[in-house]
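The values are calculated or read from the model by the stated rules, or taken from the named source; none is laboratory data. Values in this document were obtained by computation on a predicted structure and should not be read as measured data. Methodologically, a virtual Cβ is constructed for each residue, glycine included, from the backbone with ideal geometry; neighbour enumeration extends over all protein chains shown.
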Amino acid sequence: MSGDSGSGDSSSATLHSTDPVLREFAELVGETDGVAVAGGRTRWSAGGELDSAARVIQAPSGIVDYVPEEMIVTVRAGTPVAELHAELAAKGQRTGLPERGGTVGGALAVGENDVTVLGRGTVRSALLQVRYVSSEGRIVNGGGPTVKNVTGFDLPRLMVGSLGTLGCLAEVIVRTNPIPTVSQWYLASDADPFASYQAVMAPSAVVYDGTNTLVLLEGHAVDVDQQAGELAATGSFVEVGPPSLPTGHRWSLPPAELKKIATHDTGAFNALVGVGTVWAAKPQPARTLSPEVQAVHDRMKMQFDPTGRLNPGRKPGVNR
Amino acid sequence: MASFLKSAASAGSAAYDSFRRLPGRKFEPAETDQLVLDLQAALTEDRVRNDSAQRALMSHDASVFDGGNAGPVCYPETTDEVVAIMKIAERHDRAVVPRGAGTGLAGGAIPLGDAPVVIAVTKMNRVLEIDEDNGIAWVEPGVINLDLTNHLKPHGYHFAPDPSSQQVCTIGGNVANNSGGPHCLAYGVTNAHIMALEVVSPAGDVLQLGGLDPEPLGLDLRGVFVGSEGTLGVTTKVAVKLTRNRPGVRTLLLSFSSVRDAANTVSGVIAAGVVPAAMEVMDARITEAVENYVHAGYPTDAAAVLLAEVDGLESGVDIDADQIRAIGLANNATDVRLAADDTERALLWKGRKTAFGAIAQIAPDYYLHDTVVPRSALADVLEEVYAIADRNDLLIMNVFHAGDGNLHPLIIFDGRDPGVLDRVHQAGAEIITASLDAGGVLSGEHGIGVEKQKFMSRMFTDDDLDHQNRVRQAFDPVCRANPGKVMPMGHSCADIQQLRAVPRDVWG
Ligand SMILES: Cc1cc2nc3c(=O)[nH]c(=O)nc-3n(C[C@H](O)[C@H](O)[C@H](O)COP(=O)(O)OP(=O)(O)OC[C@H]3O[C@@H](n4cnc5c(N)ncnc54)[C@H](O)[C@@H]3O)c2cc1C
Ligand SMILES: Cc1cc2nc3c(=O)[nH]c(=O)nc-3n(C[C@H](O)[C@H](O)[C@H](O)COP(=O)(O)OP(=O)(O)OC[C@H]3O[C@@H](n4cnc5c(N)ncnc54)[C@H](O)[C@@H]3O)c2cc1C
C-alpha cells in the first residue's frame, strides 16, 4: 500500500487472513481453470447449465464463532443451513436464510428468500461480512462484523444473489434474530388474502393458492391472539400445523400484480402476498435487463472475473 | 496484489487529507465559460449558478473539513436535465458532484479537484406516487426525509430511517450515505428500505436498479448503489418502502449513575431477545446541555440516560417495556420513567433529536464522530473515549445509537484556540483506533467521504480495497462522479487528477 495507512496499523495484521482453512480453500479455487462451488445442490440448475469442463469444489464448513448476545454468527460457507439453525435454536435464535436442505454459501449465492421472509428478514440483509476467494485466487473481505456499517463499497450486497459468478464464498458473518415466543399458522378457504394481509399489523407470511389463504403469525402470545382476532374478520380461519413449503418455478412480481395473478400463465401456484414471490407449475417468462443496466453487469463481471472462470455458463436470475 | 499495483500506478496528485488546506483557489466567476453557457442552454439561466458566493457555499458541507472547489452549480428539475448535465460535463471533461442538503458529516459533498459541476437535486423534491398495493412510494431525491414521513402519515405509514438531521437532509443523501437513525435498530438502515432506484450514470445513461418485485433480475446493483456516496452516479428517483405505523408505542427513560450501567443495560436487552425500536444513550454532559435547551424533563443528576422505545401491538409492547425496565433495574438504574402520553414522548424525543443544536450553546465548533463497536464492548470503548478526551485536553460528549453499537463521540472545541485542530484530529484518530481494536468498523452511518479514507486500510487489506475499487470502476471507469472520495490514496478514483481519457468503448 502506498504508505497512507493512517496512524499505525496494529489491527490490519489481523485482517490478512492467516486461517489455514481459508488459505486451503483459496488454493483449491486456484487461479486459472473454470471452477464452481457445490453446496447442497438443491439449486444446482439455477442460472443455467454449468460448463462441463468446470471443476466442482466444496467450500469449508463449520461454525467458527457464535455470539448470541451480539446476534451474529461467523460460519463457513459450506455449512448446511439446518446445522447452523440447530445450533442457533439452542439459544433461541434463527437467521433469514432458507432451510431447504442447502448450505449457507448456497443460500447466499442464490439469494432467494423463503416463505417466512416478512418475519425473518431478507437473505440480502442477513449478510454482514463476507470472505470470498476471488478469480485470482485471493482471499477478499467485504463488510464488517457489526449490524450497522457504511465503510466503503458494499461487497456483501454484490455477492448475495451473484450465484458465485464474482467470487467463491468461503466464510460469512450472518445476522441472527430471536425466535418468536409463538409461531402459529392459520388457514381459510374463503378469505380475501389481500384483506387478510392488510388486517394484521405484521404477518410473517400470507400465502395464497387461488383458494386457500395461509397466514403465519408470530410474536408474543397476546399479540398473536389479537391478530388472529383481526384475521377472523377477513375469513373463517382455523389454526393449522406448519404447511409443507411451496415448491415449483420461481416468479418475482411486484406485489400489486398478485391481485391479477389469473392473468399470468402460472399453472398451479402459491403466491406470497405483500411480497410478490410466486412458486408456480410453469416458469416465469424470460425477463431482460435494459442494455444500459446489462452493460454495468458486463463490466462488473469483467472487473471481478475477467476470464469468466467462476461458475462458467451460469447467469444470476436465469432458469428459476 | 498485482492488480492493486496496476491501479496504484495511475496515482496522480495527493489525495485530500483531513484538516489539510487545499491549494487555495479563488472563486472567479468566468462569465464566458463555454461549460456554463452549455449548461444554461440545457437548463435555464437562473438554474445554473456560477457566481462566487454560490460556488463558495457549495464548496462546503456540514463537516469540519476545509471546503473544496465548486464549479458551476446546477439545479436540475428533471431526470432529462441531469442526463444533459452529465453529457455536457463529459464533453468538457469535467467531474460532477451530486449534492442534497449538504448535511453530510464526512465531507462527501465537498467538490474536489478541477472545479467539478455540482448537481444539487434540491429542486427535485416531489413525492411522485404513493403505491400502497406495492408497498412503496416513488419520490424524487430532493425530498426532505421528515417531509416524506409527514406526507405518508395520513396513509398510516412512515419512512423508517430517521437521521437526527431529518428536518433538512434529503432522501437522495440518505441513499448515498445509507443513513441511519434511532429507529433503525428494529427496522434497519436505509438499504433495507429502498426497493428501486433510477440513477443517471456517469456516462449519462438512465439506469433502473432494483425493482418493485422481490427478486429483480441480475446482480443487486441497487444494494451496491446505496451507500456509494455519490461516486456511482446521481439518483433521480427512489422507490422507498412504506413502513406501517404501529398502534402501540412505549417510551422509557432510564437513569443511571454510570455510563457503564447504561451500556450494560443495552447489551442485556439485546441478549434477552427483545428488539426495541430504538435505544439511545446520552451521557451527563449532553443531557445537561439538552435539558437547558429544550426542558424535556431529563434528569440532570444522572451520569447517563437511556431512551428506549418499543412499538407493536398494545399488549405486546407492555411485555417488552416491562422487560426493559427489569433489565435496567438489574443494572442499577436509579430511575425508570415511562412516558405517560404522546406529548411526553414527543418531548423526550425532541431532547434527543436536538442534542446537536444544544451544543451550539457550549462551544462554537463541534466534530461529531461515528464508529460502531460490538454492543458488548460499548462500556469499555466509552471509557477509553473519555480517557482520549482527557489525554488530548478536549471536551467530549456522548450521545449515540446504543442499540446497534453506533458511537457518536462529539468533540467540542473552539477553532480559534491555537493548535486545537491538531488535538481534535489526534483524538479522532484515537477513537477510531479504539473502536477498531474492539472489533468495530469505521462508520455506522456518516460514510467515509474525505474523513476516513486514510483509515480504510486499517480495516481492509489491499486486496479488499482493490475489490471495492472494482465496483467503482464498473459503474464509472473514468472516475467522473465525485472523485477523490471513499477509496484511500493509491486507488484510481481516490486521486484528484484530470479525468483520464478513456476510449469510448469502455462504457460498453
Ligand atoms: C424443491 C426445493 C425448493 C426450494 N425452494 C426454495 C425457496 O423457495 N426459497 C429458498 O430460499 N430456497 C429454496 N430452496 C433451497 C435453496 O435452493 C437453498 O437453500 C440454497 O439457496 C441453495 O443452497 P445449496 O447449498 O443447495 O446450493 P447449490 O444448489 O449447491 O448451489 C446453487 C448455486 O450456488 C453456487 N454456490 C453454492 N455454494 C457457493 C459458495 N460457497 N460460493 C459461491 N457459489 C456457491 C453454486 O455454484 C450454484 O450455482 C429450495 C430447494 C428445493 C430442493
Ligand atoms: C446535526 C446532524 C445530525 C445528523 N444525524 C445523522 C444521523 O442520525 N444519522 C445519519 O445517518 N446521518 C446523520 N447526519 C449526517 C447527514 O445528515 C446524512 O448523511 C444525510 O443523509 C445527508 O443527506 P444530505 O441531503 O444532506 O446529503 P449531502 O450532504 O448533500 O450529500 C451526502 C453525500 O450524498 C451524495 N448525494 C447527495 N444526493 C445525491 C443524489 N441524488 N445522488 C447521488 N448521490 C447523492 C453526495 O455526493 C455526498 O457524497 C447528521 C448530520 C447533521 C449535520
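A few points about this structure:
- Helices (runs of 4 or more DSSP H) wholly inside region B:129-245 containing at least 2 residues that are within 9 Å of chain A (Cβ to nearest Cβ): B:184-187, B:221-225
- In region A:174-203, the residue that is surrounded by the fewest Cβ atoms within 10 Å (Cβ to Cβ) out of those that are more than 25 Å from the chain's Cα centre (by Cα), under 21 Å from B:G248 (Cα atoms) and more than 10 Å from chain B (Cβ to nearest Cβ) is A:A199.
- Search result, residues across region B:320-354 that are among the aliphatic types (A, V, I, L, M) and within 30 Å of A:L128 (Cα to Cα): B:A321, B:I324, B:I327
- Check on A:V64, closer than 27 Å to A:V318 by Cβ, away from chain B (no Cβ under 13 Å), touching a residue at least 12 places away in the same chain (Cβ under 8 Å) and in a strand (DSSP E or B): no
- Unmet requirement for B:L219, which otherwise passes all of (1) away from ligand 2 (no atom under 16 Å from the Cβ); (2) surrounded by fewer than 23 Cβ atoms within 10 Å (Cβ to Cβ); (3) over 24 Å from B:I144 (Cβ atoms): (2)
- Check on B:G268, assigned by TED's automatic domain parsing to the domain that holds B:A339 and assigned to a helix (DSSP H, G or I): yes
- Residues in region B:387-435 that are in contact with a helix residue (DSSP H, G or I) (Cβ under 7 Å, 6 or more places away or on another chain), farther than 25 Å from B:D261 by Cβ and touching a residue at least 60 places away in the same chain (Cβ under 8 Å): B:I432 alone.
- Scanning region A:98-114 for residues that are within 7 Å of ligand 1 (Cβ to nearest atom) and more than 11 Å from chain B (Cβ to nearest Cβ) turns up A:P98, A:R100, A:G101, A:G102, A:T103, A:G105, A:G106, A:A107, A:A109, A:D114.
- Being within 12 Å of ligand 1 (Cβ to nearest atom) and either at pLDDT 95 or above or over 17 Å from the mean Cα position of the chain (by Cα) (or both) holds for only one residue in A:V150, A:V140, A:V133, and it is A:V133.
- Scanning region A:282-300 for residues that are more than 7 Å from chain B (Cβ to nearest Cβ), within 22 Å of the chain's Cα centre (by Cα) and closer than 21 Å to A:K259 by Cβ yields one hit, A:Q284.
- Any hit, region B:5-15, residues being among the basic types (K, R) and either at pLDDT 95 or above or in a loop (DSSP other than H, G, I, E, B) (or both): no
- Residue ID - nearest to ligand 2 (Cβ to nearest atom), chosen from residues in region B:55-106 that are closer than 21 Å to B:P488 by Cα and within 14 Å of another protein chain (Cβ to nearest Cβ): B:G104
- One residue from A:N319, A:N311 being touching a strand residue (DSSP E or B) at 6+ places or on another chain (Cβ under 7 Å) and more than 21 Å from B:V224 (Cα to Cα): A:N311
- Filtering region A:140-185 to residues that are assigned to a strand (DSSP E or B) and aliphatic (A, V, I, L, M) leaves A:V140, A:L169, A:A170, A:V172, A:I173, A:V174, A:V182.
- For region A:224-234, filtered to residues that are out of contact with any Asp or Glu (no Cβ under 9 Å at 6 or more places or on another chain) and buried (at least 21 other Cβ atoms within 10 Å of the Cβ), the residue that is nearest to the other protein chains (Cβ to nearest Cβ) is A:Q227.
- Among the conditions (1) surrounded by fewer than 24 Cβ atoms within 10 Å (Cβ to Cβ); (2) out of contact with any helix residue (DSSP H, G or I) (no Cβ under 8 Å at 6 or more places or on another chain); (3) touching a residue at least 24 places away in the same chain (Cβ under 8 Å), B:S164 misses just one, which is (2).
- Looking across B:G328, B:G357, B:G297, B:G312, one residue alone is of a type outside the set (S, T, Y) and touching a helix residue (DSSP H, G or I) at 6+ places or on another chain (Cβ under 6 Å). It is B:G328.
- When A:G161 is tested against (1) crowded, with 20+ Cβ neighbours inside 10 Å; (2) away from ligand 2 (no atom under 16 Å from the Cβ); (3) closer than 25 Å to A:A89 by Cβ; (4) within 8 Å of chain B (Cβ to nearest Cβ), only condition (3) is not met.
Matching residues to (1) at positive phi; (2) part of a strand (DSSP E or B):
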position: A:F194; (1), (2): no, no
position: A:M201; (1), (2): no, no
position: A:G210; (1), (2): yes, no
position: A:L217; (1), (2): no, yes
position: A:V224; (1), (2): no, no
position: A:E239; (1), (2): no, yes
position: A:W251; (1), (2): no, yes
position: A:I261; (1), (2): no, no
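- Only one entry in B:A340, B:A321, B:A302 is under 22 Å from B:G248 (Cβ atoms) and part of a loop (DSSP other than H, G, I, E, B), namely B:A340.
- In the set B:I412, B:I431, only one residue is part of a helix (DSSP H, G or I), surrounded by fewer than 24 Cβ atoms within 10 Å (Cβ to Cβ) and away from chain A (no Cβ under 11 Å); that residue is B:I431.
- Yes/no for A:V278 being free of Cβ contacts under 8 Å to residues at least 60 places away in the same chain, away from chain B (no Cβ under 14 Å) and not in a loop (DSSP other than H, G, I, E, B): no
- Among the residues making up region B:458-468, those that are closer than 11 Å to A:G152 by Cβ, facing another protein chain (nearest Cβ under 7 Å) and in a helix (DSSP H, G or I) are B:M459, B:D464, B:H467, B:Q468.
- Whichever residue in region A:62-97 is within 21 Å of B:A186 (Cα to Cα) and among the β-branched types (V, I, T) and, among such residues, is nearest to ligand 1 (Cβ to nearest atom): A:T95
- Matching residues, region A:263-275, being within 11 Å of chain B (Cβ to nearest Cβ) and either in a loop (DSSP other than H, G, I, E, B) or free of Cβ contacts under 8 Å to residues at least 12 places away in the same chain (or both): A:V273, A:G274, A:V275
- Tally, over region B:91-121, of residues that are out of contact with any strand residue (DSSP E or B) (no Cβ under 9 Å at 6 or more places or on another chain) and more than 25 Å from B:Y366 (Cα to Cα): 5
- Test: residue in region B:188-210 that is on the phi > 0 side of the Ramachandran plot and touching a strand residue (DSSP E or B) at 6+ places or on another chain (Cβ under 7 Å): yes
- Test result for B:G67, touching a residue at least 24 places away in the same chain (Cβ under 8 Å), in a loop (DSSP other than H, G, I, E, B) and over 21 Å from the mean Cα position of the chain (by Cα): no
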